[in-house]
């Protein structure tokens, strides 16, 4: 409980929206405990309360300088259509896996139209992500797949609710969706690792998964290095 409280505090001090992860974990725990007030639920609530107390100095600082905080976040309140936010959200998810267009930020005069083939890969990436979550759901216990699902979908869902109420564009900001990217990455990594280690796969099937893993990691490394 102590370590969990500290992890929440460190998360809040480094990234305020990590509170969305704590909420997602709370929802996960409530479902796992079948909506009963168990010892784990009580421990979670105590940990959250302790974390809020330890974070209270920063809360008071924000309240005392609310005008500055509002000015710094004013750009989030710009009117944005939900449809545009959802499109940006989906594009950010795809680009978090393989970004075929980032290179133009560094080489704007580059005439290399073949990079545009990335738009045709997006349907394949969507199939890969959906199948990864389906695979985890079928092959793991509820404690595993539910944890990954809540980590992936609860934070963006809360942001969507905020955007609808405030008519803002938070969902279009990639840096607010890191937990979602992490959940997707875990699901895909589990799928690939399981398929590679499967003893009942024939040689060609294993080669396919090995090659797919190498290509995916290569794209990620290429993006990170640049």
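Numbers below:
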{"item": "Flag for residue 105 being under 24 Å from the mean Cα position of the chain (by Cα), part of a helix (DSSP H, G or I), modelled with pLDDT under 65 and farther than 20 Å from residue 155 by Cα", "result": "yes"}
{"item": "Any hit, the stretch 159-166, residues being within 22 Å of residue 139 (Cβ to Cβ), part of a helix (DSSP H, G or I), modelled with pLDDT under 80 and touching a helix residue (DSSP H, G or I) at 6+ places or on another chain (Cβ under 8 Å)", "result": "no"}
{"item": "Qualifying residue in the stretch 83-92 (condition: more than 26 Å from residue 163 (Cβ to Cβ) and either at pLDDT below 75 or in a helix (DSSP H, G or I) (or both))", "result": "no"}
{"item": "Odd one out for residue 120, checked against (1) surrounded by fewer than 19 Cβ atoms within 10 Å (Cβ to Cβ); (2) outside any helix (DSSP H, G or I)", "result": "(2)"}
{"item": "Residue among 137, 131 that is part of a helix (DSSP H, G or I) and either closer than 17 Å to residue 93 by Cα or modelled with pLDDT under 80 (or both)", "result": "131"}
{"item": "Residue in the stretch 61-79 that is surrounded by 13 or more Cβ atoms within 10 Å (Cβ to Cβ) and either under 16 Å from the mean Cα position of the chain (by Cα) or modelled with pLDDT of 90 or more (or both) present", "result": "no"}
{"item": "Criterion (closer than 21 Å to residue 147 by Cα and either in a loop (DSSP other than H, G, I, E, B) or at pLDDT below 90 (or both)) met by exactly one of 37, 42, 30", "result": "37"}
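The values are calculated or read from the model by the stated rules, or taken from the named source; none is laboratory data. In this text the structure is predicted, and so the values were computed from the model without any measurement. Virtual Cβ from ideal backbone geometry, glycine too; neighbours counted across all protein chains shown.
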